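The values are calculated or read from the model by the stated rules, or taken from the named source; none is laboratory data. Everything numeric here is computed off the predicted structure, so don't read it as measured data. Note: ideal-geometry Cβ built from the backbone for every residue, glycine included; neighbour counts use all protein chains shown. Protein only, heavy atoms only, side chains kept; ligands, DNA and RNA dropped before computing areas. Shrake-Rupley method; radii C 1.70, N 1.55, O 1.52, S 1.80 Å.
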Amino acid sequence: CSQDVNAEAAQNAGATVHRHPANTGYDSAITTCFTIGRQLPCSWLLTIDADGQHQVEDIEKFRPHFPDRDLIIGCRPYASMRVGERLLGLYYKCKHRIRDPLTGFKAYRREILRRTVFPPPGAPPSYGLDTLDAILKTSPRIAEEPISIRAREDDARIGNSWKVNKRMLHCLYTRLIK
């Protein structure tokens, strides 16, 4: 239930668009995307943030990984990440060999999504990390691909303040105590 024009633009471009009646957050949106997407007649689902930061041309960098990977992660330059993103990246690098778990630019093999048990609706916000953790439980074959980014065209979906870093540190803390 985003208030911007991205859903309309995506629909006009031929994308399948599902709108929630109310804004239920990123975690709910991404779970809905995968729940619907794993039923579509396609091999891959791609997520790309609509803030103008990611470059569509970088999709081509994913293509060589399609035959033998299940999850492809577009890794942003380290310097562009917030402190909380860097610390979460360090945790995921040690645990899963993933450097940029919070990137909004990923490709998922549909079959891996079919095997995933997603978090229940109403779980605390995790910036999509609970969904990523659920996918990682299926032992996907992962590739990371460096991507370039531009300045955002609008505000970050989660903000840029110290409060965001605090929430990211809370996400890290909940993973460390599990």
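Mind listing whichever residues of region 34-87 are within 24 Å of Arg115 (Cβ to Cβ), aliphatic (A, V, I, L, M) and touching a helix residue (DSSP H, G or I) at 6+ places or on another chain (Cβ under 6 Å)?
Leu45, Ile72
Results for (1) outside any strand (DSSP E or B); (2) modelled with pLDDT of 90 or more, shown as yes or no for each residue.
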{"site": "Leu132", "(1), (2)": "yes, yes"}
{"site": "Ala143", "(1), (2)": "no, yes"}
{"site": "Ala151", "(1), (2)": "yes, no"}
{"site": "Asn165", "(1), (2)": "yes, no"}
{"site": "Tyr173", "(1), (2)": "yes, yes"}
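Quick check on Arg76: is it of a type in the set (D, E, K, R), at pLDDT 95 or above and closer than 16 Å to Ile48 by Cα? Quick ask: steps written out before the conclusion?
Values: of a type in the set (D, E, K, R): yes; at pLDDT 95 or above: no; closer than 16 Å to Ile48 by Cα: yes.
Judged against the criteria, Arg76 is not a match.
Tell me, which residue of region 64-80 that is under 18 Å from the mean Cα position of the chain (by Cα) and free of Cβ contacts under 8 Å to residues at least 60 places away in the same chain is surrounded by the most Cβ atoms within 10 Å (Cβ to Cβ)?
Here the residue is Phe66.
Lys178: in a strand (DSSP E or B), of a type outside the set (S, T, N, Q) and under 23 Å from Phe34 (Cβ atoms), yes or no?
Numbers: in a strand (DSSP E or B): no; of a type outside the set (S, T, N, Q): yes; under 23 Å from Phe34 (Cβ atoms): yes.
Here the answer is no, as Lys178 does not meet what is asked.
Among the residues of region 37-63 satisfying the criterion of being farther than 16 Å from Ala7 by Cα, in contact (Cβ under 8 Å) with a residue 12 or more places away in the chain and out of contact with any strand residue (DSSP E or B) (no Cβ under 9 Å at 6 or more places or on another chain), which is least open to solvent (accessible area, probe 1.4 Å)?
It comes out as Cys42.
Identify all residues within region 81-128 that are surrounded by fewer than 14 Cβ atoms within 10 Å (Cβ to Cβ) and of a type in the set (Gly, Ala, Ser); write none if there are none.
Answer for region 81-128, where residues must be surrounded by fewer than 14 Cβ atoms within 10 Å (Cβ to Cβ) and of a type in the set (Gly, Ala, Ser): just Gly122.
Of a type in the set (A, V, I, L, M, F, W, C) and modelled with pLDDT under 90: is that true of Ala107 in this structure?
Considered against the rule, which asks whether it is of a type in the set (A, V, I, L, M, F, W, C) and modelled with pLDDT under 90, Ala107 comes out as no.
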